[in-house]
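Here the structure is laid out as structure tokens; the discussion comes afterwards.
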Amino acid sequence: MKGISPAQLVSTKQLIVLRFFYLFLFSLMAACGGGGSDLEPTPDPIANIAPTANAGIDQTVNEQTAVQLSGIGTDVDGTIMGYSWTQTSGTSVVLNNANTANASFTSADIAADETLIFLLTVTDDDGATGSDQVNINLLNVSSSVANSDEFSASVNFEINSSSPWTVDRFDGTSRAMSIDANMTKLGWLVLVPDTPPAGTNLGWFEDTYGPFVYQNVSGNFVVATKLRVVSRNDINVQPASTNFNAGGLVIRDPSGAHNGNENWVMYNMGAQVSATAGNSYAREIKKTVNSISNMFLTDQENIEEHLLVCRIDEQFYFYYWDDIADSWQEETFYNNAALNGTNLTTRIANGTSITPEIGNNLPAVGATTPISFSFDSNNNFFIANQLQVGVIAHNWSSEGDTRAEFDYVRFAASIPATQNDCLSEFANLGNE
């Protein structure tokens with residue numbers, strides 16, 4: 001250390017310390033994978049996933065009725081903080097509880113059927129939104145009384161239709177050999193359907209159909225007829241065939257095109273498969289939804305009968321005249337149960353897939369339940385406000401032997417409001 005001053009000695013020591021410090025720091029950085037340029041970047045924040053909205057299923061309701069809108073919001077990475085219902089189309093209504101999942105309103109008085117559209121928007125805890133809409137099909141239920149007809153005027157329907165009746169010619173033909181009033185039989189409409197070629201069908205089932213003479217009827221109504229379904233070769237006996245040769249009433253949604261979109265009900269009688277051995281004559285009540293048909297058949301004793309159909313909103317009721325009781329009898333499902341001293345069993349044909357109102361309420365052995373049809377939104381079955389209401393006759397197969405005779409078709413002048421009104425105007429019709 002000779003010749004080195006104290007100040008120089010301190011500076012040299014500092015340099016040595018600093019050298020060892022940097023060497024140590026460098027070794028640490030090398031052990032960690034390099035210099036400052038290799039440090040891990042700060043991760044980006046996770047993006048929010050927008051919520052989804054479900055405004056519920058479309059509904060069909062009558063005018064001036066309460067309607068419930070039920071929505072659901074879902075947020076997979078957070079919480080739904082808000083709901084908002086708005087109307088985007090149709091006659092304006094007042095929405096109650098529009099800022100909740102379940103809103104409501106009372107439908108307006110409308111002049112014609114229309115669709116109201118409502119938008120549900122949900123908001124999550126990050127402010128993101130999702131939307132969905134629902135259609136409310138609103139029915140104008142103002143009713144119109146159709147024209148009763150005693151068939152006292154002579155009309156050949158094959159040549160010209162006579163107001164108020166229309167002959168259905170969907171495929172360009174009437175599908176009938178003859179249709180006339182007061183000609184083949186005085187005071188009666190007589191309908192003789194075509195006999196279908198072998199291997200084909202011309203009966204009312206699902207998308208197939210036969211001749212149909214109808215009026216357009218809106219809203220609730222009661223229609224009644226007196227008819228005979230007989231052999232075209234001998235008008236004093238029932239048709240010889242037992243392969244669904246019948247006549248009666250059909251009530252049909254006119255929007256159908258016999259292509260998977262048929263909706264109608266039928267009430268007829270004739271020679272058709274029976275649940276009772278040796279009996280081939282029965283009344284048939286049939287419901288068709290989106291071209292799927294369910295039918296119910298109960299023994300019929302006579303070739304002449306009175307039939308009545310009553311519409312109350314989306315419900316259809318069926319009655320026939322019981323000669324023994326001398327009164328109307330509501331169509332009933334019999335499970336080996338007695339009527340006027342005779343045990344009856346109603347036959348189910350083609351299942352109950354579109355008639356849960358019957359399939360879910362079948363009676364026990366020895367018991368009965370009434371038969372009525374419902375086109376209700378709970379089952380997603382809908383029927384129009386304006387329907388075609390008229391008479392039919394059909395031969396299901398080439399074995400056809402049907403002639404249907406109608407003494408009259410009468411519509412109640414008073415519009416029914418409940419089932420209790422169905423028979424009031426025609427209480428004694430069977431005694432005329």
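Where a number appears in this text, it was derived from the coordinates with a stated rule and is not lab data. As the structure is a prediction and not an experimental result, all values here were calculated from the model. Positions of Cβ are backbone-derived with ideal geometry, glycine not excepted, and every protein chain shown enters the neighbour counts.
Listed highest first by mean packing, meaning other Cβ atoms within 10 Å per residue, what order do 403-416, 166-179 come in?
For the peptides 403-416, 166-179, the packing ranking is 403-416, 166-179.
Nearest 10 degrees is fine. How inclined is helix 6-31 to the longest principal axis of the chain, computing both from alpha carbons?
20 degrees
Give me the distance in nm between label points sitting 7 Å out from Cα along the Cα-to-Cβ direction at ALA349 and ASP234, one decimal.
Inter-label distance under the simple model: 2.3 nm.
Rounded to the nearest 0.05, what FRET efficiency is calculated for ASP326 and ALA111 with R0 set to 45 Å and r the Cβ-Cβ distance? Present the calculation step by step, with values, prior to reporting the outcome.
Values: r = 44 Å, r/R0 = 0.98.
Computed FRET efficiency for ASP326 and ALA111: 0.55.
Mind ordering 67-73, 258-264, 363-369 by average Cβ neighbours within 10 Å, highest first? Can you show the working numbers first?
Details: 67-73: 17.7, 258-264: 16.1, 363-369: 13.0.
By packing density, highest mean first, the sequence is 67-73, 258-264, 363-369.
Once you put a point 7 Å from the Cα of THR129 and another 7 Å from the Cα of THR79, both along the Cβ direction, what distance in nm separates them?
Here the modelled spin labels are 2.1 nm apart.
Taking the structure as given and computing Rg and Dmax of the Cα atoms in Å, which label from (1) 53.6, 196; (2) 30.6, 88; (3) 37.5, 154 fits?
(3)
Which one, THR200, SER291, SER70, projects farthest toward the positive side of the charge dipole computed for the chain from Cβ point charges (K/R +1, D/E -1)?
SER70
Given 0.36 nm per residue, what is the gain on full extension from ASN54 to ASN360 after removing their alpha carbon distance, in nm?
Additional length available on full extension: 107.2 nm.
Count the lysine pairs in the chain whose Cα atoms lie under 24 Å apart, taking only pairs 8 or more positions apart in sequence or on different chains.
Summing the qualifying lysine pairs gives 4.
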